[in-house]
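K.L.:
Dropping the structure in here first, questions after.
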Amino acid sequence: LFGSKKIRKVLFIQPPDTDSKTFNYAAGKRGRLYNYPPYGLGILATQLRAINIEVDILNLNFEILKGCQQSNSQNEFQFDEIWKKKTEERIKEFKPDFIGLTSMFSQSHDILVELSNKINEIDKNILLGAGGVHITNSVSDTKTFDKFVNQLQNLNYFFLYEADLSFLNFIKAYNEKKHFDQIGQLIIRYEKNKFFKFINHLHPTSELLNTVPALDLLQTS
């Protein structure tokens, strides 16, 4: 469940809100699509920095919308080329030990699958996990669990509910190889179809909830 090396560098990735098949180019060109900063990832980044973990955030939704705005036509705009290039560039530049993806809504499911496959193609040695509402709902329901985890075959860590405390505890346990009893809200794939589930719920403390996000990493313009 926990390898011998330590996690020293974490890259968080905000996927595009949808995939190339359903992206609305006209709305994006008019500036009518949402471009919210990845606030939750910024919170986690601040918390990881407090325990001396190097962190970066790649906002692929921002990169897609920027590319759409800067394009001269829909034929010129290359949705998949943009996110694939930005992902590969950031991974090779930052060299993360762990990549965390976030997925809030089911409409981002297909791009989440594509993104996780691309990351595995770039570097199979990077630990890969995901969290968010869509992840929580899909792996918590026995009716959707098998289909979901099979489609995301390159994901080994599924984080449930709020991750303010659970992700921190996971990083500490992984690096120190102890305090495994403090892990919660996490499902780990240790073989293709075998999983270990930490089902205890970890509520964030008031101190964690008052965290200021890493504003320097929240690219929005």
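The values are calculated or read from the model by the stated rules, or taken from the named source; none is laboratory data. Given the structure is predicted, the values throughout are model-derived calculations rather than measurements. Every residue, glycine among them, receives a Cβ derived from its backbone with ideal geometry; neighbour counts consider all protein chains shown. Ligands, DNA and RNA are stripped out before the accessible areas are found, and what is left, the full protein with its side chains, is counted by its heavy atoms. Shrake-Rupley method; radii C 1.70, N 1.55, O 1.52, S 1.80 Å.
K.L.:
Of K143, K92, which has the most accessible area with a 1.4 Å probe, and how do the rest follow in descending order?
P.N.:
The ranking, largest first, comes out as K143, K92.
K.L.:
While we're looking at this one, here's another question. What residue among I199, I111, I188 has the largest mean-square fluctuation in a Gaussian network model of the chain, using Cα springs under 10 Å?
P.N.:
Highest fluctuation of the listed residues: I199.
K.L.:
Also, quick follow-up: Would you grab the residues whose amide H sits under 5 Å from the one on L186? Only those 5+ places off in sequence or on another chain, please, with H modelled 1.01 Å from N.
P.N.:
Sorted by chain and number, the residues that satisfy this are L160, F198.
K.L.:
Tabulate in residue order the Karplus-calculated ³J(HN,Hα) for the range 46-51, using 6.51 cos²θ - 1.76 cosθ + 1.60 with θ = phi - 60°, rounded to whole Hz; enter x for Gly and Pro.
P.N.:
Those phi angles translate into 4, 5, 6, 4, 5, 10 Hz.
K.L.:
Also, quick follow-up: Read phi for every residue in the range 167-182 and hand back ³J(HN,Hα) as whole Hz from Karplus 6.51 cos²θ - 1.76 cosθ + 1.60, θ = phi - 60°, with x for Gly and Pro.
P.N.:
6, 4, 5, 5, 4, 5, 5, 5, 6, 8, 6, 7, 6, 5, 5, 8
K.L.:
Work out from phi, with θ = phi - 60° and the Karplus expression 6.51 cos²θ - 1.76 cosθ + 1.60, the ³J(HN,Hα) of each residue of the range 102-108, listed in order in whole Hz, and give x for Gly and Pro.
P.N.:
So the Karplus estimates, Gly and Pro as x, are 10, 8, 8, 10, 5, 5, 9 Hz.
K.L.:
As a test of the formula, what do you get for the chain when each DSSP H run with n ≥ 4 contributes -39,500 (n - 2.57) and the sum is divided by the residue count, at 222 nm and rounded to the nearest 500 deg cm²/dmol?
P.N.:
-11500 deg cm²/dmol
K.L.:
In the Gaussian network model of the chain, springs joining C-alpha atoms below 10 Å, which of F198, F167, F145 carries the largest mean-square fluctuation?
P.N.:
F145
K.L.:
Have a look at the DSSP beta bridges in the chain and tell me what percent are antiparallel, nearest 5.
P.N.:
Around 30 percent of the beta bridges assigned by DSSP in the chain are antiparallel ones.
K.L.:
Okay, next question. Of the listed peptides 156-163, 135-142, what is their order by residue-averaged count of other C-beta atoms within 10 Å, with the highest listed first?
P.N.:
156-163, 135-142
K.L.:
Under 20 Å Cα to Cα from K29, which aspartates and glutamates show up? Leave out anything in the same chain fewer than 8 places away.
P.N.:
Leaving aside aspartates and glutamates fewer than 8 places away in the same chain, those within reach of K29 are D17, D19, E63, E76, D80, E81.
K.L.:
Please report the accessible area of V10 (heavy atoms, 1.4 Å probe, ligands and nucleic acids excluded) in Å², nearest 10.
P.N.:
Estimated to the nearest 10 Å², V10 gives 0 Å².
K.L.:
Moving on. Let me have the relative contact order for the range 50-155, percent, based on Cα pairs under 8 Å that are six or more residues apart.
P.N.:
Once normalised by length, the contact order is 24 percent.
K.L.:
Same structure, new question: Past the 29 Å Cα-Cα mark, which pairs from K9/K147; K84/K143; K6/K118?
P.N.:
Violating the 29 Å limit, Cα to Cα: K9/K147; K84/K143.
K.L.:
Excluding D110 itself, what net charge comes from residues whose Cβ is under 12 Å from its Cβ, given Lys and Arg +1 and Asp and Glu -1?
P.N.:
-3
K.L.:
Net charge near Q185, counting Lys/Arg +1 and Asp/Glu -1 over other residues with Cβ under 13 Å of its Cβ?
P.N.:
Around Q185, the surrounding residues sum to -1.
K.L.:
Using modelled backbone amide H atoms (1.01 Å from N, in-plane), which distant-in-sequence or interchain residues come within less than 5 Å of R8's amide H?
P.N.:
Correct list: D97.
K.L.:
If the viscosity is 0.890 mPa s and the temperature 25 °C, what Stokes-Einstein diffusion coefficient in µm²/s follows for the chain when Rh is the Kirkwood radius over Cα pairs?
P.N.:
137
K.L.:
Follow-up question, since we're still on this one. Can you give the accessible area per residue of the chain, in Å², using a 1.4 Å probe?
P.N.:
On a per-residue basis, the chain sits at 53 Å².
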